[in-house]
Each structure stands twice: as structure tokens, then as C-alpha cells.
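Working notes, beginning with the structure itself.
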Amino acid sequence: TFPGQSSVKLMSGNPTEEALADEVSSYWVNFARTGNPNGKGLPEWPMVNQLGPTQAMLIDAGHSGPGPWLSQAKINLYDAIYKRDVGAR
């Protein structure tokens, strides 16, 4: 089997993976300290009410920022599946 993508052994020495890990941990530390993930040197993490209905904060080392998360077609599909499988109960 292939080892998990989050393996420290696999990411060690990989500058892209290390940068991503640093960015994610910085967001978490800032959020834990202040209630706000934003901080010096990090791409701005917008408040959820500043994002469109199909957007999310996408974290990718060196390219983080708001971006498309789900298309409206996928949202409609998931809503229909929920209504069919859960909402009818």
C-alpha cells in the first residue's frame, strides 16, 4: 500500500510540502491565539461572509486564497441527495 500523503517522512526535504505545512500551522496558531487565522506573511483568509456561495479558502503553498470550492451543479446534486436520503425521514 502507498503511505499516507501526510507522512512526515515523505514530506521531509520537500520544500513545497514543508511550505504548505508551515502555512497551515501558522493559520492554526494564529487562530488559537487570537481567533483570527490571519497574520504577517500569510495570504489573507477572508471572513466567510466575504466569500461567494461556491467559494472557500483554498490553501496551497504559495497560492492560497479564496477560490472555487463547489460548483452550483454539485451543490444542487448534494442537496437533492440529502433531500432524497435524509430529508424524507
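Data overview
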quantity: Per residue accessible area of the chain, 1.4 Å probe, in Å²; calculated: 79 Å²
quantity: Per-bin percent of Cα-Cα distances, region 8-54 [5 Å]; calculated: 5, 20, 21, 18, 17, 13, 6, 2
quantity: For the chain, size of Cβ-based charge dipole, Lys and Arg +1, Asp and Glu -1, in debye; calculated: 400 debye
quantity: Using alpha-carbon coordinates, inclination of helix 15-34 to the longest axis of the chain, degrees; calculated: 70 degrees
quantity: Length-normalised contact order for the chain - Cα pairs under 8 Å, 6+ apart - percent; calculated: 18 percent
quantity: Nearest-10 value in Å² for the accessible area of residue 24, using the 1.4 Å probe; calculated: 50 Å²
quantity: Rounded to the nearest 10 Å², the accessible area of residue 44 at probe 1.4 Å; calculated: 120 Å²
quantity: Candidates 73, 32, 19: whichever shows maximal mean-square fluctuation once the chain is modelled as a Gaussian network with Cα springs under 10 Å; calculated: 73
quantity: The chain, accessible surface, carbon-and-sulfur percent (1.4 angstrom probe); calculated: 58 percent
quantity: Over the chain - Rg/Rh using Cα atoms and the Kirkwood inverse-distance radius; calculated: 1.10
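The values are calculated or read from the model by the stated rules, or taken from the named source; none is laboratory data. These numbers were taken from a predicted model, which means no experiment stands behind them. Cβ: placed from backbone, ideal geometry, glycine included. Neighbour counts: every protein chain shown. Remember, those area values only see protein heavy atoms, side chains included, never the ligands or the DNA or RNA. Shrake-Rupley method; radii C 1.70, N 1.55, O 1.52, S 1.80 Å.
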